[in-house]
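K.L.:
Please read through the structure below; I'll follow up with questions.
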Amino acid sequence: MTTKGKVAIILLALTFYCCKGTQQTSASGDGAGVSLASSLFGGGTQTENVTDPGLNNMTAYSVTIPAKWHFQGVLLEGAGVGRCLQFPFGVWRATSPDGLSFVETMPTMSWIYGTGPMAGYSPRNGCLPLKGPMAAQDFLKYLAATMKVDYVEDQPIPEQNAKEQQELQAANAKAAAGWAAMHVPAPKTTVELAQAAVSYKNGTFAMKGRLWVRVNCTEKMFPGTKSLPAWGGQGRFPAMVTGPPSVVDECEANVSYTTAPANQFAALVRQWDAPGMGAHSDSNWQNAFVQRTIHQTAAAQQQNFERTMAVQQRMHEQFLDTMQRGTDMSMARAQANMDARSTAASDWVDYALDQRTVMDPNTGQVNKVSSAYSYTWVDSTGRNSYQTNNPSANPNGTLQGTWTQQRVVHGDGSQ
């Protein structure tokens, strides 16, 4: 593909795939959305920035969350050429002060399928084990089974889908002239949104959740190969097609997850659905990313990203491996797994964000803490913590209050 073709693909990918955040994201840049969100929160809001180390820690995207909530986020550069994921995506989680409620953007998931010779050359590393198209709503059912949460019901979002189709048409129209100038057919791009209600148990807490997904697919057409012109008695014969055409579809799913105790879930959704809440991609960073891609040679890319890509690829493969194992178990023991806990995505996010989940053995309260320490103590108020790597350290009698050592559990609070 020519440099212009690569640039067109990158621009389209950044428009729809990169850091679009959750369904609550507002495109407003005048601060009005954030002000409205602030008025709905008793404690106001705060904005957290996630930077790109490859671009001198330039802000790649920002996330508006409630004040006093805890935030952790990273920018993953994608798996690179020859892998399912080639473009950057953000992973972040905002957690309530009590550790029970959170909103997160999960790692981007991708799969490739097609027909014809070119389908055999498509990347396979880092892909989901899907062999064909999947509707957005069906993808949420697939994901819920993998996460071992109960799929309660579909939640249609026609207005969001209509807006997404308008944005897609505008992006295709903007790119049409570029594809025409290269004398190649424009790829067929589709976008579909879906939302679903889920539920599960977190210790003694009955939990409700909302899964939301944007499924983006790009279909590329490759003409059949042709033979060289031949000569015959009546003159030169026309070129004959000797190889079949190919069709290759590349799909990516961007998922957000909102969850809280059942009696708090409705209020939490109203707060996070306020305009201005959630993630906002930085246009300056997008432009800088495109320019870096254009001017960077393969050698420079290898030098700058070899270590990052290797670590991120291992993390992503572990995530996909866990998903596949969960899917196989769900299919084999569907009824037995109905009440199982969500561990795959939550453990992966804990690992990616250098955190761990601990539980108070007396109250069942869960909290997110730094993974740099082996032992965590929490006082009787549940608000103050003490972390140490010394197994003999005990804050009781030294610090004010009564302290209880916390138990390390899975990222979703299960044992």
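Just so you know, all these numbers are worked out from the coordinates, no wet-lab data involved. Just so it is clear, the structure is predicted and the values come from calculations on it, not from any experiment. In this analysis, Cβ positions are derived from the backbone assuming ideal geometry, glycine residues included, and neighbour counts consider all displayed protein chains.
K.L.:
If a residue counts only when it is without any contact (Cβ under 8 Å) to a residue 60 or more places away in the chain, out of contact with any helix residue (DSSP H, G or I) (no Cβ under 9 Å at 6 or more places or on another chain) and closer than 20 Å to residue 96 by Cβ, which strands (runs of 3 or more DSSP E) contained entirely in region 341-406 have at least 1 such residues?
P.N.:
Counting at least 1 such residues, we get 355-359, 366-370, 375-379, 385-388.
K.L.:
From the list 206, 181, 176, which one is out of contact with any helix residue (DSSP H, G or I) (no Cβ under 7 Å at 6 or more places or on another chain) and free of Cβ contacts under 8 Å to residues at least 12 places away in the same chain? Explain how you work it out, then say what you get.
P.N.:
Numbers: 206 fails: free of Cβ contacts under 8 Å to residues at least 12 places away in the same chain; 181 fails: free of Cβ contacts under 8 Å to residues at least 12 places away in the same chain.
Residue meeting the stated conditions: 176.
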